Every structure is written in structure tokens, then in C-alpha cells.
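Worksheet for the structure shown next.
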């Protein structure tokens, strides 16, 4: 399949203050239907999207954070978090949801989707993409 | 004249909180809500903005916005008070005016 392109979704906004995060997630799920090589990047306030334990009952709006755990089922298994963005916000990997995918080549072994990467590595990941979509 | 300053933008994304704290007069009250609550989390590089201003200003956060973002109240900078929506209303009534830092 030579027509498979590398699609990357770059997320830089916090989850509820604007609609970017939710819109991004919707487009990501749609893109999964097209059998492309999809990866997600969370940087700046985008890292807040994956913070676990979100509870919007007091706001009366939809808590869409559980949807991220479905990404593995959509074969989206590359989720990159910029380490510098986490550090600046006083967050660690433990503060984020544990997202996984199942490897059919290894008897459906559960593997981590989230990779915390430093800026230099992230720059190379971004550079290697065919299509970059920003939210 | 008492003044309630309200900030709804992340201090990691915009300079709204920074400008608010630079221009808010001593004795004022500051309420952080929506993405503004991120500025109230201890351990982040922007926490110092509030920590340095606490001797001059009283800080509040809107609890439901903290909860929505998965941030436990135990992560708030010590001394920040948590209010609910009716507490927000009380603050607006108690002060002579409201300054919004969009």
C-alpha cells in the first residue's frame, strides 16, 4: 500500500476552554477509517487533554476524555507527549490516562500508546510526517 | 472601591493572568475559572505568579472547572480558596466591580 501517508495531529489546546480538543479527536477518529499511518502529538496546553480523572458533571458539558482510550481500537498507537510541556506544567506521565493498544502479531499483547519525547526527538517526528493537522 | 478580577485563560497559553496581577491593586480579589484554573496548580513554572501575589491579593478558583480538568484540589497552591457557582455570584455581588481579563 504505497498510498499510505503519515498523518500527524498536533494538539496544543486545553480540553474545555475551546472546542479544538474535541474537534481534533473527532477528526482523528474519522481519519482512522481511511487506513492511514496516524500519530498524535500533544504539546503546550494540549497535554492537559490527557489528564486522567476528568469530571465535567459540575459544568453540564460532555466529558470526552474517556474517548481517548478507544484510540487503540482504531489502530492509533503512536501518541507523543512533549516532555518539556509536561515538566513546565508540573505534570508527569502518571497524571495522564494509561492508553494502550493490542498487538495482533504478539498474541494481542497490550502495549503502551503514549510516548513521552523530548523536543529534539519531537522535531524529527514532526519533520517525518507527510501531513500535519494543527488543533 | 473593591475589585474582583476574573481570569479564564491558561497562564501557560496567554499572558492574561500575568497582566491581571501586574495591574490589580492591593486588596483585590482574583477568581480563576475555565482554563484559568491551570495557573493555580502548584509545581508548574507559572505557579510563582500567584505565589508572589498572595500577600497582596486573595485568590479563588471555581471548583467545577478544577474537577472537569482532572485536577485534584490538593494540587492547588496553598491558600487558594475553592468556590462553587453560587460562591462566584457572591464574589461579584460583594465587590463594587468586576474586571475581566480575557
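Read the figures in this text as sums done on the coordinates, not as results from a lab. Please read these numbers as outputs of a predicted model, since none were measured by experiment. Here the Cβ is made from the backbone with ideal geometry for all residues, glycine too, and neighbour counts use every protein chain on show.
Take every DSSP beta bridge with both residues inside the protein assembly as shown and express the antiparallel ones as a percent of the total, to the nearest 5. About 15 percent, rounded to the nearest 5. Peptide A:75-88 has a mean of 1 when you count, residue by residue, the C-beta atoms of other protein chains within 10 Å of its C-beta.
Nearest 10 degrees is fine. How inclined is helix A:20-31 to the longest principal axis of chain A, computing both from alpha carbons? With both axes taken from Cα atoms, the answer is about 20 degrees.
Find how much the distance from residue A:102 to residue A:75 grows on full extension, using 0.36 nm per residue of separation minus their present alpha carbon separation; answer in nm with one decimal. Don't jump to the answer; show the numbers that get you there.
Values: separation 27, 0.36 × 27 = 9.72 nm, distance 0.86 nm.
Answer, rounded to one decimal: 8.9 nm.
Between residue B:82 and residue A:3, the FRET efficiency estimated from the beta carbon spacing at R0 = 45 angstrom works out to 0.25. Remark: spin-label model distance residue B:94-residue A:92 equals 3.6 nm, labels positioned 7 Å along the Cα→Cβ axis. Where both bridge residues fall in segment A:6-134, DSSP classifies roughly 25% of the beta bridges as antiparallel. Evaluate the Debye formula for chain B with equal point scatterers sitting on the alpha carbons, no solvent, and hand back log10 of I(q)/I(0) at q = 0.11 Å⁻¹, in q order, two decimals. The calculated log intensity ratios at q = 0.11 Å⁻¹ are -0.27. In a fully extended conformation the segment linking residue A:111 and residue A:128 would gain 3.8 nm over its present Cα-Cα distance, using 0.36 nm per residue.
Spin-label model, residue B:75 to residue B:1: label points 7 Å out along the Cα-to-beta-carbon direction sit 3.8 nm apart.
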